[in-house]
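I have placed the structure first, in the form of structure tokens, so that the comments after it can refer back to it.
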Amino acid sequence: MRLRRIGIAVTLLLASAGCGVAGGATASVSGRDHLVVGVAQDQPGLGFRDSSGTYKGFDIDVARDVARRLGATHLTFKPLTSGQREGALRSGDVDMVVSSYSITQERKTQVVFAGPYYVAHQDILVRGAETAVRNVRDLRGRRLCQVTGSVSWRRVTEEHKIDARLVPASTYGECLDDLIAGKVDAISTDDLILAGFAAQRGNQVRFVNAPFSDERYGVGLRPGDIRGCEDVNKAITEMYQDGTAAKLLKRWFGSTGLNVTTTVPQFEGCG
Amino acid sequence: MTITTTPPPAPARREGRVTGRLRIRTMPGRIRALAALAALAVLVVLLVTTLTVRNARDGLRVIGHDAGPQVVATGDLYFALSDMDAQLADALLIGGDAGLAGRRAAALKVYEQRRSEANGALLQGSRLAGTDPTEQRTAQEMLDALGRYERLAGQALLTDEQSRHAAGPPPAAVTALYRQATDLMKLDILPKAYNLTLDNGTKVRRTYEAKRSAVLRGRVWVALTGLLLVVVLVGVQIYFAARFRRLVNPFLALATVGAFVLVVVSVALLSSEAGRLRTAKEDGFDSVLALSRARAISNSAHADESRYLLDPGRADTYEQVYLDKSEAILYVPAGNLDGYYSLLDEKIGGSDFLGFYGTEAHHITLPGQQAALRKVLAGYQKVQHDDRAIRLVATSGDRRAALTTKLGGGTGDFDAYDQALVALKDLHGRAFDRAIASGDHGLRGWNVILPGAAIVLIILILAGVRPRLSEYR
């Protein structure tokens with residue numbers, strides 16, 4: 001209990017330190033020509049770097065569209081793993097993160113979230129021959145891929161208290177290889193990511209289609225960048241109102257059979 | 001200005017060096033120039049003060065009479081919409097259960113009431129959206145979507161009545177219709193209402209930052225130009241004393257005192273206006289916005305509890321969303337709902353938690369706020385205790401018992417919590433209204449006072465120099 005108390009005190013201190021930076025050193029994403037965007041490089045459909053080094057995917061297109069609406073003319077993408085995202089924002093290595101980055105209250109103590117720009121749902125991917133897994137509870141006793149810095153495995157083992165055996169990996173791309181190689185039995189993360197994997201690997205894998213959470217994909221910003229957060233929210237609203245979001249969702253997930261939502265999500269709020 | 005800083009006791013000596021610059025050779029000309037300079041200084045003070053007062057007025061208008069009240073209106077709209085869906089879920093859960101028929105009728109009555117509130121608010125779209133075309137379009141889209149929602153809700157209720165199911169999850173046909181309705185509400189309508197609230201919050205924050213700093217900067221300029229005016233008037237006085245051997249020119253003396261008083265009063269007024277803007281924003285508005293959001297999230301979490309019972313196929317998602325919303329309201333670092341319940345019990349007496357109530361608990365500024373907040377927290381704790389009991393019964397498999405637990409104490413406890421929350425929000429709302437009203441009151445008449453004072457000062461200056469001029473006729 002004492003430790004928790006100290007933990008909260010430290011969190012509060014960090015949060016207030018973040019606020020303190022707001023008026024001074026924090027460079028807002030608003031009104032800048034050049035932005036550095038942290039993205040994933042191994043998630044087909046969302047954030048993926050192809051063999052020629054070009055970034056592609058829904059997150060990449062959202063980042064481009066938002067940056068354009070903010071007035072930035074030059075974008076640099078920087079690959080980040082799930083576990084690097086808060087640190088990269090806090091150290092100023094990147095200006096924003098668009099990388100299937102779920103808004104959670106815990107992360108909100110570290111960074112500012114604009115959006116969400118999309119609400120995905122956590123689901124399950126198993127090998128094509130596996131038929132016994134129908135929902136999250138069927139993961140009991142099975143080997144589940146655990147990606148460092150991701151909240152997905154926690155939703156299974158902590159929130160739903162399902163006794164799966166966690167097998168660590170550093171990226172979801174690695175999980176997919178492990179799944180096919182038989183080193184893990186299931187990957188559980190967002191439907192958008194899994195749909196991309198399923199489209200890529202055909203019959204080798206099976207998408208279970210039993211969603212069990214709302215994952216609100218936010219645009220991560222540096223602590224204190226309230227103005228940037230408000231501007232990003234405005235950009236996302238416009239992205240939905242003028243049909244760009246619907247077009248992007250169709251481009252990247254139209255062929256997966258996922259039922260996508262094309263209306264603007266409820267924002268988290270910047271303050 | 002050069003004339004005041006270098007009074008001309010020896011103009012002849014410097015005449016050669018400053019060729020090309022305006023030199024006034026005759027005494028009446030110099031007197032007139034001094035009078036014009038003093039009048040000009042009066043006009044500069046008038047201009048700077050008027051502009052600064054206008055900034056204060058604009059700030060009060062946007063914060064106090066435009067975006068501020070719209071936050072409350074959109075918050076109420078969200079509540080009405082969210083509660084419609086919650087009441088619909090309750091009615092569908094009760095179904096044809098004879099023992100609970102009264103509760104079903106009550107839920108439908110509240111549904112109708114919320115429907116008319118929401119429709120009323122949306123039809124007055126301009127009150128919610130102001131003149132912003134994007135926001136007006138949003139209000140129109142919400143009105144259309146609400147029409148579709150009501151149609152789906154009607155179908156769901158009808159199918160539910162025909163099925164005459166026992167209390168608990170309704171038949172699949174009803175659930176399918178409810179899913180369509182609730183998805184429309186949760187994914188389309190409610191986000192728009194919530195985002196309108198946030199938009200207005202943004203408007204207030206930006207106006208506040210821009211206008212308050214403009215008032216504070218303007219205050220410095222009023223003081224500086226006012227000081228300059230006093231220096232000019234005193235300078236003219238000294239010049240006359242030296243030239244005409246008069247000790248005091250009463251009109252000029254009066255003008256000097258008048259100018260001094262005007263500047264002091266203006267600076268004091270601007271200081272207090274900046275202070276009132278700050279009070280309205282930080283002690284009133286910020287909390288009203290945060291608590292409006294807390295109320296919206298609380299109500300939708302409460303509805304998620306009903307949906308959890310109504311739609312077992314989505315129960316996992318509804319439970320996760322419930323935890324996520326609870327953490328937004330009051331954050332303690334728990335990994336799951338059970339952990340949340342127990343950490344909440346442990347922490348709620350103190351203030352080491354985050355979320356909307358964390359922010360509120362760390363910013364106690366109003367008399368009665370602490371007590372009102374304690375009531376809210378106690379109510380919230382009770383609601384979470386009820387939630388734990390409901391889920392415990394539900395996971396044991398007895399959905400009817402879970403429903404009666406919810407309808408038994410749960411609904412009443414939630415209403416009590418909501419009332420405590422509204423009371424706390426209103427406490428801040430009154431502080432906000434008071435600050436805005438006194439801000440308005442402070443500025444009342446300044447449109448007349450400022451030009452009036454300037455005219456009087458100029459008349460006094462003219463009256464002061466006229467006898468000196470007449471000596472040369």
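The table for this structure:
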item: Boolean, B:Gly335 is outside any helix (DSSP H, G or I), out of contact with any strand residue (DSSP E or B) (no Cβ under 6 Å at 6 or more places or on another chain) and more than 10 Å from every other protein chain (Cβ to nearest Cβ); result: no
item: Residue list for the stretch A:218-264, restricted to those being surrounded by fewer than 23 Cβ atoms within 10 Å (Cβ to Cβ), in a loop (DSSP other than H, G, I, E, B) and within 12 Å of chain B (Cβ to nearest Cβ); result: A:Asp242, A:Asn259, A:Val260, A:Thr261, A:Thr262, A:Thr263
item: Pairs where the first residue, in the stretch B:355-382, is under 23 Å from A:Lys108 (Cα atoms) and the second is at pLDDT below 95 and basic (Lys, Arg), C-beta under 9 Å, 6+ apart; result: B:Phe356/B:Arg293
item: The stretch A:212-271, residues that are more than 16 Å from the chain's Cα centre (by Cα) and among the acidic types (Asp, Glu); result: A:Asp225, A:Glu230, A:Asp231, A:Glu238, A:Asp242
item: Any hit, the stretch B:121-128, residues being out of contact with any Asp or Glu (no Cβ under 6 Å at 6 or more places or on another chain), farther than 17 Å from B:Asp199 by Cα, modelled with pLDDT of 90 or more and assigned to a helix (DSSP H, G or I); result: no
item: Residue in the stretch B:320-328 that is surrounded by 24 or more Cβ atoms within 10 Å (Cβ to Cβ) and away from every other protein chain (no Cβ under 11 Å) present; result: no
item: Test result for A:Phe212, in contact with a helix residue (DSSP H, G or I) (Cβ under 6 Å, 6 or more places away or on another chain), more than 24 Å from A:Asp95 (Cβ to Cβ) and of a type outside the set (Ser, Thr, Tyr); result: yes
item: Conditions (1) farther than 20 Å from A:Leu192 by Cα; (2) modelled with pLDDT under 90: number failed by A:Gly45; result: (1)
item: Residues of the stretch B:391-435 satisfying the condition of being under 37 Å from the mean Cα position of the chain (by Cα) and of a type in the set (Val, Ile, Thr); result: B:Thr411, B:Val422
item: Candidate set: the stretch A:156-177, residues that are under 21 Å from A:Leu80 (Cβ atoms) and charged (D, E, K, R); chosen: the one farthest from the other protein chains (Cβ to nearest Cβ); result: A:Asp177
item: Number of the condition not met by B:Arg399 [criteria: (1) surrounded by fewer than 22 Cβ atoms within 10 Å (Cβ to Cβ); (2) within 30 Å of B:Gln370 (Cα to Cα)]; result: (2)
item: Residue that is surrounded by the most Cβ atoms within 10 Å (Cβ to Cβ), among those in the stretch B:241-251 that are among the hydrophobic types (A, V, I, L, M, F, W, C) and over 17 Å from B:Pro28 (Cα atoms); result: B:Phe251
item: Unmet criterion (only one of (1) away from chain A (no Cβ under 14 Å); (2) modelled with pLDDT of 95 or more) for B:Tyr149; result: (1)
item: Selection from the stretch B:162-214 of residues that are surrounded by fewer than 17 Cβ atoms within 10 Å (Cβ to Cβ), within 20 Å of B:Gly96 (Cα to Cα) and of a type in the set (D, E, K, R); result: B:Arg164
item: Positions within the stretch B:229-240 being surrounded by 14 or more Cβ atoms within 10 Å (Cβ to Cβ) and either more than 15 Å from B:Ala454 (Cα to Cα) or among the β-branched types (Val, Ile, Thr) (or both), in sequence order; result: B:Val230, B:Val231, B:Val232, B:Val234, B:Gly235, B:Val236, B:Gln237, B:Tyr239, B:Phe240
item: Close pairs (9 angstrom Cβ cut-off, 6 or more residues apart or separate chains): on the phi < 0 side of the Ramachandran plot and without any contact (Cβ under 8 Å) to a residue 24 or more places away in the chain in the stretch B:149-171, loosely packed, with under 15 Cβ neighbours inside 10 Å and in a loop (DSSP other than H, G, I, E, B) anywhere; result: B:Thr159/B:Pro171
item: Qualifying positions in the stretch B:416-432 - among the charged types (D, E, K, R) and surrounded by fewer than 17 Cβ atoms within 10 Å (Cβ to Cβ); result: B:Asp426, B:Arg430
item: Test result for B:Ser342, more than 18 Å from A:Lys161 (Cα to Cα), within 14 Å of chain A (Cβ to nearest Cβ) and not hydrophobic (A, V, I, L, M, F, W, C); result: no
item: Some residue of the stretch B:210-221 being in contact (Cβ under 8 Å) with a residue 40 or more places away in the chain, under 30 Å from B:Arg151 (Cβ atoms) and within 14 Å of chain A (Cβ to nearest Cβ); result: no
item: Count of the stretch B:348-377 residues which are assigned to a helix (DSSP H, G or I) and more than 12 Å from chain A (Cβ to nearest Cβ); result: 11
item: Residues that are more than 8 Å from chain A (Cβ to nearest Cβ), hydroxyl-bearing (Ser, Thr, Tyr) and farther than 18 Å from B:Ala290 by Cβ, drawn from the stretch B:300-319; result: B:Ser306, B:Tyr308, B:Tyr318
item: Enumerated strands (runs of 3 or more DSSP E) restricted to the stretch A:88-168, each holding at least 3 residues that are farther than 30 Å from A:Ser30 by Cβ; result: A:122-127, A:143-147
item: Matching residues in the stretch B:314-328 - criterion: being closer than 15 Å to A:Glu106 by Cβ and of a type in the set (A, V, I, L, M); result: B:Leu323, B:Ala328
item: Qualifying residue in the stretch A:75-87 (condition: modelled with pLDDT under 95, part of a strand (DSSP E or B) and in contact with a Leu (Cβ under 6 Å, 6 or more places away or on another chain)); result: yes
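For every residue, the table says whether it meets (1) crowded, with 19+ Cβ neighbours inside 10 Å; (2) closer than 15 Å to B:Ala294 by Cα.
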residue: B:Gln370; (1), (2): no, no
residue: B:Tyr380; (1), (2): yes, yes
residue: B:Thr395; (1), (2): no, no
residue: B:Gly445; (1), (2): no, no
residue: B:Val448; (1), (2): no, no
residue: B:Pro451; (1), (2): no, no
residue: B:Ile461; (1), (2): yes, no
residue: B:Val465; (1), (2): yes, no
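The values are calculated or read from the model by the stated rules, or taken from the named source; none is laboratory data. Note that the structure is predicted; figures quoted are calculated from it, not measured. Because the Cβ atoms are built from the backbone with ideal geometry, glycine has one as well, and the counts that use them run over all protein chains shown.
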